[in-house]
Amino acid sequence: MAEHIIFYILSALILFSTIMAVLTRKIIRAATYLLFVLLGTAGLYLLLDYPFLMAVQIAVYAGGIMVLFIFGILLTHEPGHRVKHEHSGKLVVALLAAFAGLGICGHIIFSNVTKVYSYVVQSEFDMQDVGRAMMGTDKYQYLLPFEAISVLLLACIIGGILIGRKR
């Protein structure tokens, strides 16, 4: 019963912070709300009995990536200024694209939830299996996307340094 209450509290925190990150006009506040989303996700990992993933979520995302975002914001924008309003036509297209993405993701999740649930119920994941899945090169393993994201983050850091040098 307590796990359900904690789950609902964390879900409400994540949902509220996500909505506020999108709706706020100050970019530093948006980054702060994103930090709360990442910390809430770490709480969900802890609730699922994955303390390693919780620690990685806090150290890598809530720590490292958020520092990178904040530096990027401070180097490229005036932190106290508001974000400009977009034209209503662009807003309508963005909302349609967001709802289309939500529909596609919802369809994929709901069509595959029974398959994943039956797989998880049959056996419990071992941390070695998670490590092999993340760093393996076979089918359904994630070494290539992991390396692609690291190259993307390196390019973002270099871009932030170049923008900062121009000032």
Run lengths n ≥ 4 of DSSP H only: what is the helix-derived mean residue ellipticity at 222 nm for the chain, with -39500 (n - 2.57) per run over all residues, to the nearest 500? -26000 deg cm²/dmol
Can you tell me which of Gly106, Gly64, Gly136 moves the most in a GNM of the chain? Springs connect C-alpha atoms under 10 Å apart. Gly106
Longest principal axis of the chain (C-alpha) makes with the long axis of helix 88-122 (C-alpha) an angle, in degrees to the nearest 10, of 20 degrees
For the chain, what's the relative contact order in percent, using C-alpha pairs closer than 8 Å and at least 6 residues apart? 17 percent
From the phi of every residue in the stretch 60-74, what ³J(HN,Hα) in whole Hz does the Karplus formula 6.51 cos²θ - 1.76 cosθ + 1.60 yield, where θ is phi - 60° and glycine or proline is x? 7, 7, 5, x, x, 5, 5, 4, 4, 4, 5, 4, x, 5, 5
The simple spin-label model distance between Arg29 and Ile104, using points 7 Å out along Cα→Cβ, in nm, is 3.2 nm
What number does the chain give for Rg over Rh if you use C-alpha atoms and the Kirkwood radius? 1.00
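Where a number appears in this text, it was derived from the coordinates with a stated rule and is not lab data. These figures come from a predicted structure and were not determined experimentally. Methodologically, a virtual Cβ is constructed for each residue, glycine included, from the backbone with ideal geometry; neighbour enumeration extends over all protein chains shown.
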